[in-house]
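In what follows, a single structure is set out as structure tokens and then discussed.
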Amino acid sequence: MEGWIMLRWTSVAMVSVGVAVLLVAGVGHGVAAHAASTSSERLTNYIPPTGPEMTSEQVQSVAVLAARRAGESGVLHLTQVKSNFAHAHAVLMGEDPSVADESGTSERAEEMRSYVWVSVMTTADGTLFSPNVPTPRGHAGPTGQAMAIVTDAHTGFIKERYLGPVVPDIALLGQGVNTTIPAATGTEAGTARAAGALRREPKRGGLIVGKLVPARVGRLVTLRDTHGHVVDSMKSLAKGTEAIAGGFSLRAPEGRYVVSAPHCGRRSLDIRGRHTLNVTLRCSS
């Protein structure tokens, strides 16, 4: 995961009606982003993604998978629009794009000006999205009538997730594309349920510990089942106190999978529960 995560509740009471949740994954936002003394100062190794952009169909598949993992297997109404990250973030925070903040360190400005896709989903029958997230014993997890997924236009990496009772007004970002997504098949729904179970009890599945050689930082590593459904994904890491350059780790239920990364090939895997599998993907120079 890039940077850090901010959890924002629009209501003081966690269990009250009308709560919206916004999860942000990036190089830094809000107060922390303004700590740099100059706009040219670089605090991280963030590099803006380059190369061909994802198609709307590819972005759609990322968003739909997130919805399936959030417990909704029925028909979905989906609206997509392309924007820059700062404007998308402002709208999900309930603000106008005109007040979007693109200031801060140079790498933050680069990220906030980068292009993203915003995908907003609601259910056809009005049921709620219920993400599989850890919650304190005796407490209910968050739910919402609308879910929004913000993905990097180049990599498909999920940069923000919104869950709440109000559909974000992404018409403020431009002309949207509307799509109706049919109900999930048995296989797709089963894969999403298994992945959600791992999020609640991660030790039940097998662990994949891998690296890209030569080291590639920020490259999207994807784990798919034999039906091509994405089970888990993450960006390869930079070198740190607890990570090697180009390293990644993924979890999955027992079964057969394929792990891959752009320009780094792919490998078929047999994963066993409660076991660790070491994997190396060799990248082209």
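Points worth noting:
- Pairs where the first residue, in the range 242-269, is without any contact (Cβ under 8 Å) to a residue 12 or more places away in the chain and the second is of a type in the set (A, V, I, L, M), C-beta under 6 Å, 6+ apart: 243/237
- Pairs, first more than 16 Å from residue 89 (Cβ to Cβ) in the range 163-175, second modelled with pLDDT under 90 and assigned to a loop (DSSP other than H, G, I, E, B), C-beta under 6 Å, six or more apart: 165/18; 165/145
- Qualifying residue in the range 73-92 (condition: farther than 25 Å from residue 242 by Cβ, at pLDDT 65 or above, more than 19 Å from the chain's Cα centre (by Cα) and not in a loop (DSSP other than H, G, I, E, B)): yes
- Qualifying positions in the range 212-260 - in a loop (DSSP other than H, G, I, E, B), over 16 Å from the mean Cα position of the chain (by Cα) and of a type in the set (Gly, Ala, Ser): 215, 228, 238, 245, 246
- Residue among 68, 113 that is among the basic types (Lys, Arg), modelled with pLDDT of 85 or more and open to solvent by 10 Å² or more (accessible area, probe 1.4 Å): 113
- Hits in the range 263-272 (condition: loosely packed, with under 15 Cβ neighbours inside 10 Å and either within 23 Å of the chain's Cα centre (by Cα) or in a strand (DSSP E or B) (or both)): 263, 265, 266, 268, 270
- Qualifying residue in the range 94-103 (condition: in a strand (DSSP E or B) and polar (S, T, N, Q)): no
- Number of the condition not met by residue 123 [criteria: (1) at pLDDT 90 or above; (2) among the β-branched types (Val, Ile, Thr); (3) open to solvent by less than 20 Å² (accessible area, probe 1.4 Å); (4) within 22 Å of residue 270 (Cα to Cα)]: (4)
The values are calculated or read from the model by the stated rules, or taken from the named source; none is laboratory data. Computed from a predicted structure; not experimentally measured. Don't worry about glycine lacking a Cβ; one is built from the backbone with ideal geometry, like all the others, and counts go over all protein chains shown. SASA here: full protein model, heavy atoms, side chains in, ligands and nucleic acids out. Shrake-Rupley method; radii C 1.70, N 1.55, O 1.52, S 1.80 Å.
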